[in-house]
Structures are given as C-alpha cells and as structure tokens.
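Asker: Provided herewith is a single structure, encoded as structure tokens, for subsequent inquiry.
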Amino acid sequence: MKILVVEDEAALADALTEILRRNQYNVDTVYDGEDGLEYGLTGLYDCIILDIMLPVMDGLTVLRQLRRSKISTPVMLLTAKSEVEDKISGLDCGADDYLTKPFSTGELLARIRALTRRTGEVNVDAFDFHGLTLNKQTYMLSYGSQSVKLSLKEYQIMEILLMNPNQIITKERFIEKIWGFESDVEYNNIEVYISFLRKKIQSIQSKATIHTARGVGYYLEEKA
Ligand code: CA
C-alpha cells in the first residue's frame, strides 16, 4: 500500500516515513504543498497524510485542488492544537480525517488502516481472492492448507493485484507504485517477478492465477 506524506517539519516527516515503512507501507515524502499537489495528482496513493501549515502552498489549498481534480484518495490532515478552525474547513474541503499533533504511533496507524480499508473487506489482516489469501503481516500467500512465503517485491505486486480484483494493472502502474517515478526499473523486472509469483501460486495449487493482458498488464482470475 502506498502513502504520500506531505510535511515540512523534516524531523516529523522523517519519523512518519520511518514508522510507516516499518509497518510495510510504501512511502513517498515531500516537504511543501506544491510537491504535495504534484504527487497527489498522480492518483497513485492509497492515502495522503497532509500537514496544513506548509510552505509554497498550504495543505487546505492542496486538498481543495486535489478534490477539484477528482482525486478521491483518502486524506488525513495533520493539525496543530490551535488550528480548530482549520479542522472544520479541512473537513469541508474534503478531508477524510484529521489528527492533532502530537499524536501516538498507534493512533496514526489505526487511522490509516481505517482510511484505507476497502468497503466490504472483512478480514483486515489478509487479502482474499477466491480462497487465495495474502497475510499482510507474514507475507504468506495461502490456498487451502498450503502456504508459501513471498519476498517484499512479490508481496507488493500481489497486494496490488488483490486490491484490484478483475482489473487489468499495467506494468507502468506496478513500477510507479512499487519503485516510484524516478526509478529506471525496466518492464522486464515486472515480468520476472510475475513469473516468480506464478510459480509460487502454482506450488500451493491455487485456482486463482495471474493472467497476462497481452501488451497491457496483468490481472487476477479464477481458473474455471
Ligand atoms: Ca507544518
């Protein structure tokens, strides 16, 4: 899962980034509103943590612009205690939640889980596609009584597929989500990981498989 952190206090931004990474999130961090808007507009994130008082462009303006551009990514605003008015206008601008500084790590993580929970998703510790499950804590991919452990990159690819069942995910999107824009990862890296994943999926005799949409990307499908 990919999170954007927009926070100008470097110490806080770096601490947040570190905490989120330790909790298996893929994190991009920017330090002013203009960069926040530019990154947010890509629509690549599952959640945006947005400070209100930011240089160049304030957080509420960023939020307003995102919503105006039809970006519906869940946004959690970070506010200082004194900014009660901002909280209200933040929610009016389309924020999904806000957190008052200082906050505890536990609270932050719980709020992010709530914001990124998909409707209808019952088991928040695992993704499920027709009995093929992926445990978010252990990276174990299971089908029936059989399990296999995934590497970090395999996990990230599988997570994207499981979060978007029956949708074709392009190779570009995998690369942007997992490696970031500025990476020079080639398409064949994805192909290699997909082939590793298929072998693992086959090894646990799952009925769900990764299909190739030729020239486009991949999607999960249940074998008839
Ligand atoms: Ca600030």
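Asker: Quick one: length gained pulling Tyr187 to Asp125 fully straight, 0.36 nm per residue minus the C-alpha distance?
Answerer: 19.3 nm
Asker: Go through the range 210-220 residue by residue and turn each phi into a ³J(HN,Hα) via Karplus (6.51, -1.76, 1.60, θ = phi - 60°); whole Hz please, and just put x for glycine and proline.
Answerer: Along the range 210-220, the couplings run 8, 9, 9, 8, 3, x, 10, x, 9, 8, 8 Hz.
Asker: Right, another one. If I take R0 = 41 Å and measure r between the Cβ atoms of Ser145 and Glu34 in this structure, what FRET efficiency does the formula 1/(1 + (r/R0)^6) give, to the nearest 0.05?
Answerer: After rounding, the FRET efficiency stands at 0.20.
Asker: Mind checking which of Leu109, Val27, Ile52 is farthest towards the positive end of the range 2-117's charge dipole, using Cβ charges of +1 (Lys, Arg) and -1 (Asp, Glu) about the Cα centre?
Answerer: About the Cα centre, the residue reaching furthest to the positive side is Leu109.
Asker: With the contact rule set at Cα under 8 Å and sequence spacing of 6 or more, what percent relative contact order holds for the chain?
Answerer: The value is 14 percent.
Asker: In debye to the nearest 20, how big a dipole does the chain give about its Cα centre with +1 on each Lys and Arg Cβ and -1 on each Asp and Glu Cβ?
Answerer: Dipole about the Cα centre, nearest 20: 1300 debye.
Asker: Still on this structure, please answer the following. In nm, give the distance between the simple-model label positions of Gln205 and Glu18, each being 7 Å from the Cα along the Cα-to-Cβ direction.
Answerer: About 4.7 nm separates the two model spin labels.
Asker: Sorted by average packing, counted as other Cβ atoms within 10 angstrom per residue and highest first, what order do 29-37, 183-191 take?
Answerer: The most tightly packed comes first, giving 29-37, 183-191.
Asker: Give me the 1.4 Å probe accessible area per residue for the range 2-117, excluding ligands and nucleic acids, in Å².
Answerer: On a per-residue basis, the range 2-117 sits at 45 Å².
Asker: Measure off 7 Å from each Cα along the Cα-to-Cβ vector at Ala110 and Gln137, then give the distance between these two points in nanometres to one decimal.
Answerer: Result: 1.7 nm between the two label points.
Asker: Could I ask something else about it? Sort out for me the Cα centre separation of the range 140-159 from the range 172-191, rounded to whole Å.
Answerer: Centre-to-centre (Cα) distance: 20 Å.
Asker: Obtain the nm distance between the two label points defined at Arg198 and Ser89 by a simple spin-label model: each point lies 7 Å from its Cα along the Cα-to-C-beta direction.
Answerer: Going from the Arg198 label point to the Ser89 one covers 5.4 nm.
Asker: Of the accessible area of the range 106-224, with the probe set at 1.4 angstrom, what percent is carbon plus sulfur?
Answerer: The nonpolar share, carbon plus sulfur, comes to 48 percent.
Asker: Which whole-number percent gives the relative contact order of the range 2-117, counting Cα pairs below 8 Å spaced six or more residues apart?
Answerer: 23 percent
The values are calculated or read from the model by the stated rules, or taken from the named source; none is laboratory data. Since the model is a prediction, treat every value here as computed from it, not as a measurement. Please note: Cβ atoms are built from the backbone with ideal geometry, for glycine as well, and neighbour counts cover all protein chains shown. Just so you know, the surface numbers come from the protein's heavy atoms only, side chains and all, with ligands and any DNA or RNA stripped out. Shrake-Rupley method; radii C 1.70, N 1.55, O 1.52, S 1.80 Å.
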